[in-house]
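The values are calculated or read from the model by the stated rules, or taken from the named source; none is laboratory data. Fair warning: this is a prediction, and the values are worked out from it, not measured in the lab. Positions of Cβ are generated from backbone atoms using ideal geometry, with glycine treated the same way; all protein chains shown enter the neighbour counts. Note: areas computed on protein heavy atoms with side chains; ligands, DNA, RNA excluded. Shrake-Rupley method; radii C 1.70, N 1.55, O 1.52, S 1.80 Å.
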Amino acid sequence: MYVNSFKHKAYPTIIPTATDDDATLERKWREWVEHESFKRLAHHIFIHDTQASVLRSTNPLISHMELDLPTPFSRKLWDAKTAAQRRSIYLQEVPKRLLPVPSLAASLQNIPNLSHFPRHGDFRIAALASVHGISTMIAHGKQACHEPSGEWSALVMKIWQQELLQVLEQFEIVAVEPVQRLIPAVPLICQTVSLSLYLPLGILETFSGKDGEKRSFDVYQSFIQRISAGNLRQASWHAGQVLGIARSMPLGSLTDFCATCLYFSALALWSLGAILSSNSPA
């Protein structure tokens, strides 16, 4: 089971039929549950790894391109208590001409396809994994663009930023708007990821003094002073969006990584205030 388990081919289609006897139906259900368990585990580990890398300002251990396994089936199917119940839901929810549930890697290669996500797939996990996948794309892109120096690096950075901005805009249309009331964490995280496109979150912590005054001053001299006015305006807008979404979330739901998003947006606004204050006349 675990050989090539991150590949689409490791998950054959397991279809319960009306003619299956009890033993066959039970065997199919248990085999399907084993496959689904690993798929859900893989996606949750990827999300956790991405969040940990954001919080600790480190490179993620798992690339979004590694997740070529299908997105899990819908929560309705997953919550079935028996093989017979799962068959009943499957025959109602899944079309006879079965559409494959796309992988995270495939979804991120063509974001607009999320608007045609099959009903029998778990769109909640797909949306959460995708926004975290975009976060890893931004992290890898920033690392690549900062390695060289000079005008060529600035040009690469600008092109890369424009492409990822387009990805985020597409994701907001096809994934954020449909789930923003049901899953407020998705728009909150999306705005934080957009913020990171203009202001690296780890840089903000260093600038705020997390690593001492000397490192804060060094970061200000080497990076903060060079941020364009356009990037500062975009960053402040996204940080404000995070605060607005946080205010509208249900009581008690602003926990875990959502609280981390709020922390970074507040840190961004504080940093922007400090930058503007230092740039103004005495």
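Of everything in region 107-123 that is of a type in the set (G, A, S) and within 18 Å of E169 (Cα to Cα), the residue that is least open to solvent (accessible area, probe 1.4 Å) is S107.
The set of residues in region 23-60 that are in a helix (DSSP H, G or I), open to solvent by less than 70 Å² (accessible area, probe 1.4 Å) and of a type in the set (G, A, S) comprises S37, A42, A52, S53.
Considering region 65-101 alone, what residues qualify as being in a loop (DSSP other than H, G, I, E, B), modelled with pLDDT of 90 or more and either open to solvent by 50 Å² or more (accessible area, probe 1.4 Å) or hydroxyl-bearing (S, T, Y) (or both)? Within region 65-101, D68, T71, S74, D79, K81, T82 qualify.
Residue check: is F171 at pLDDT 90 or above, over 19 Å from Y198 (Cα atoms) and either among the hydrophobic types (A, V, I, L, M, F, W, C) or under 17 Å from the mean Cα position of the chain (by Cα) (or both)? For F171, the condition - at pLDDT 90 or above, over 19 Å from Y198 (Cα atoms) and either among the hydrophobic types (A, V, I, L, M, F, W, C) or under 17 Å from the mean Cα position of the chain (by Cα) (or both) - is not met.
Could you tell me whether S63 is without any contact (Cβ under 8 Å) to a residue 12 or more places away in the chain, under 24 Å from F117 (Cβ atoms) and hydroxyl-bearing (S, T, Y)?
Working: without any contact (Cβ under 8 Å) to a residue 12 or more places away in the chain: no; under 24 Å from F117 (Cβ atoms): yes; hydroxyl-bearing (S, T, Y): yes.
Against the criterion (without any contact (Cβ under 8 Å) to a residue 12 or more places away in the chain, under 24 Å from F117 (Cβ atoms) and hydroxyl-bearing (S, T, Y)), S63 does not qualify.
Set side by side, the residues L254, L232 differ, and just one is surrounded by 10 or more Cβ atoms within 10 Å (Cβ to Cβ), outside any loop (DSSP other than H, G, I, E, B) and modelled with pLDDT of 85 or more, which is L232. In this structure, D20 does not satisfy being among the acidic types (D, E), in contact (Cβ under 8 Å) with a residue 12 or more places away in the chain, open to solvent by 40 Å² or more (accessible area, probe 1.4 Å) and assigned to a loop (DSSP other than H, G, I, E, B). Close contacts from region 28-57, counting a first residue that is small (G, A, S) and a second that is crowded, with 18+ Cβ neighbours inside 10 Å, with Cβ to Cβ under 6 Å and a gap of 6+ residues or different chains, come to S53/P60; S57/G202. Residue check: is S149 modelled with pLDDT under 80, in contact with a helix residue (DSSP H, G or I) (Cβ under 8 Å, 6 or more places away or on another chain) and more than 30 Å from D256 (Cα to Cα)? So S149 does not fit the description; no. Pairing residues of region 217-237 that are of a type outside the set (G, A, S) with residues that are open to solvent by 40 Å² or more (accessible area, probe 1.4 Å) and in a helix (DSSP H, G or I), at Cβ distances under 7 Å and at least 6 apart in sequence or on separate chains, gives V219/I203; F223/I203.
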